[in-house]
Amino acid sequence: MPSPSPPNPRTTAEQIDEHSTMEERHQSNLTSFLKWAAQLGISDTPHHSISSSSCLGHSLTITDFPEAGGRGLAAVRNLKKGELIFRAPKSALMTSESLLEKDHRLAHAIKCYQSLSSTQVLTVCLLAEVNKGRRSAWYPYVMLLPRSYDVLASFGPFETKALQVDDAIWLAKKVISKAESDWSEAVALLEQLKLKPQLVSLKAWLWAFATISSRTLHVPWDSAGCLCPVGDLFNYAAPGEEFVSTEVSESWLDDSLLQVRTLQDIDDTEDPLLETENIDACSGRLIDGGYEEDVASYCLYAKRNYKIGEQVLLSYGTYTNLELLEHYGFILNGNPNDKVFIPLEHDMFACHSWPADSLYIQHDGKPSFALLSALRLWAISPNKRKSIGYLALSGSQLSPENDIAVRKWLISKCRAILRSLPSTVEDDLSLLGTIDKAQQLQCFDKPDNLSSAASMEFCNFSQSMNFCCGGTEVVPGMSSNVKKSMDRWALAVQWRLRYKKTLVSCISFCSRTIEILNPEHATMK
């Protein structure tokens, strides 16, 4: 394959100058924004002076973290756990209430559309504010909002299909359909407000919807939440496993694999639910702050100690990777709250009362407490479930043979799911490497070392972008639409890769457990 032609020096110089000019303009906008935010009373110090030229500098500063979420907030001094590090008064929060109070024409128009949800109303309000341009009191904030998002609602047909897993594809289609339906219900109002034509479009609606989905913080008076200038620059940190109250401690679960235990053998200190409740009671907030009525401000606190230069992260709550992709447009490689749901036999649900959303494989490949209990009950004779079923519900092993049967079933199920998917873990890793290279070089060409599955998907992407896929064509200088689609494609591949790795980890975990329980049964590698 011929290598790409070297870039034109003059073109490169022009691009560097253009990039430098854009950076200078962005920095100027950012400086103006931080000064504007300070005037609103937003501050990273408990004692704010309205004469300050910036709302940051005492505790936090805006920094780029290319490998950890992009632009975020870094500590400018050592921060202590529990310390107040950010606050924004109610008057500085963008909500439907605050926008409608100052725009009587908009408020009057919205009263005629009582069927709109709170999220639809805030979406309309945001678009109306964008329409005002420099006349908007929120102009410095709106100017710095991202111009595109990677939430599921923004996925096109190719990126949706690239998720591969039926449940994920179904969810993506559902949220896309819901966003389109919300727009169709509100489009008459947008036209009535005489917004610019581009702001009445579905594309603009999806942008505003994604802004609200990915950037709002919870407030008690509006289910749509609030947009909080500067506060929405905190990147996400998942709550640790110790905060997931539905799971038992690993040591207790591992012990139950190797010995039969009765309820009388388990004292109160070993109760998994009691353990996690105590942890949660001592930990304080699951998320890192909220709106506080006594000071009429949104207040955020350091969840842990931070050193100078470290990125200060905010926990939005407990989300799986698919939920993070749906609402925020990213995933985590090491998400302790990720889950993989696998198809279960119909008769499995008849032998227990666990809710369906508790039956899953954890991010590390181990079955959840409820899934293991349900499978143990299902794997014994129905006439024994009443007499010894309480042992399974307590987390105890019923017999080595029962546990081996459960592990073999899980191995078989995980392998069947992996075989049913169009690509393997190795295919996805190779494909991600190719996508990453194309993104770095800003040049799209097909390598010759891809597997057949990865090569076919590469060609399908090319066709979705109206490129030829003959293996020799190079398309330099990717357009913004191609870049955005490639970003979402990469997210889809990353998500399904994590899904597959969890299934592979479950196979390994179950195989090791079988070997421990009875080496003679360790025939499944």
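Please give the contour-minus-distance gain from residue 466 to residue 61: 0.36 nm per residue of separation, less the Cα-Cα distance, rounded to one decimal in nm. Present the calculation step by step, with values, prior to reporting the outcome.
On the way: separation 405, 0.36 × 405 = 145.80 nm, distance 4.24 nm.
Value of the extension gain: 141.6 nm.
Given the Cα-Cα distance of residue 178 and residue 308 and 0.36 nm per residue of separation, how much length would full extension add, in nm? Walk me through the numbers before you get to the answer.
Numbers: separation 130, 0.36 × 130 = 46.80 nm, distance 4.33 nm.
Using 0.36 nm per residue and subtracting the Cα-Cα distance, I get 42.5 nm.
Please list, ordered by chain and number, the residues whose modelled amide H lies under 5 Å from the amide H of residue 310; skip anything fewer than 5 residues away on the same chain.
75
Can you list the residues of segment 411-426 with backbone N under 18 Å from a point 7 Å past the Cα of residue 452, pointing along Cα to Cβ?
419-426
Short version: ³J(HN,Hα) in whole Hz for each residue of segment 177-182, in order, from phi by Karplus 6.51 cos²θ - 1.76 cosθ + 1.60 (θ = phi - 60°), x for Gly and Pro, what are they?
Ordered by residue, 3J(HN,Hα) equals 5, 5, 5, 5, 5, 4 Hz.
Measuring from centroid to centroid over Cα atoms, what is the spacing of segment 108-148 and segment 155-214 in Å?
With segment 108-148 and segment 155-214 each reduced to a Cα centre, they are spaced 16 Å.
Which shape class, rounded, prolate or oblate, goes with segment 387-515 when its Cα gyration tensor gives a ≥ b ≥ c as root eigenvalues, a/c under 1.5 marks rounded, and past that a/b bigger than b/c marks prolate? The partial results should precede the final answer.
Numbers: a/c = 4.08, a/b = 3.19, b/c = 1.28.
Prolate, since a/c reaches 1.5 and a/b exceeds b/c.
How much net charge surrounds residue 120 when only the other residues with a Cβ under 10 Å from the Cβ of residue 120 are counted, with Lys and Arg +1 and Asp and Glu -1? Write down the numbers at each step before the final one.
Numbers: positive: none; negative: 182, 185.
In short, -2.
Work out from phi, with θ = phi - 60° and the Karplus expression 6.51 cos²θ - 1.76 cosθ + 1.60, the ³J(HN,Hα) of each residue of segment 216-226, listed in order in whole Hz, and give x for Gly and Pro.
For segment 216-226, the Karplus-derived couplings read 6, 10, 6, 10, x, 9, 8, 5, 6, x, 9 Hz, x marking Gly and Pro.
Skipping prolines and chain starts, which residues have an amide H placed within reach, meaning under 5 Å, of the one on residue 304, given they are 5 or more residues away or on another chain?
Residues meeting the amide H criterion: 82.
How would you order 100-109, 230-239 from highest to lowest mean count of nearby Cβ atoms within 10 Å?
Details: 100-109: 13.9, 230-239: 20.3.
By packing density, highest mean first, the sequence is 230-239, 100-109.
Under the classification rounded if a/c is under 1.5, otherwise prolate if a/b is larger than b/c and oblate if not, where does segment 94-227 fall, given a ≥ b ≥ c as square roots of the Cα gyration tensor eigenvalues? Show your work: numbers first, answer last.
Details: a/c = 1.77, a/b = 1.70, b/c = 1.04.
The shape class here is prolate.
Past the 22 Å Cα-Cα mark, which pairs from 102/132; 339/501; 35/483?
Details: 102/132 13 Å; 339/501 12 Å; 35/483 33 Å.
Over 22 Å apart, Cα to Cα: 35/483.
What distance in nm lies between label points placed 7 Å from Cα along the C-beta direction at residue 108 and residue 432?
With each label point 7 Å from Cα toward Cβ, the separation is 5.5 nm.
Enumerate the amide H contacts of residue 40 below 5 Å, restricted to partners 5 or more residues apart or on another chain; note that Pro and chain-start residues carry no placed amide H.
Excluding prolines and chain starts, which carry no amide H, there are no hits.
No lab work stands behind these numbers, since they all come straight from the coordinates. On a predicted model such as this, the values are computed, not experimentally measured, just so you know. Methodologically, a virtual Cβ is constructed for each residue, glycine included, from the backbone with ideal geometry; neighbour enumeration extends over all protein chains shown.
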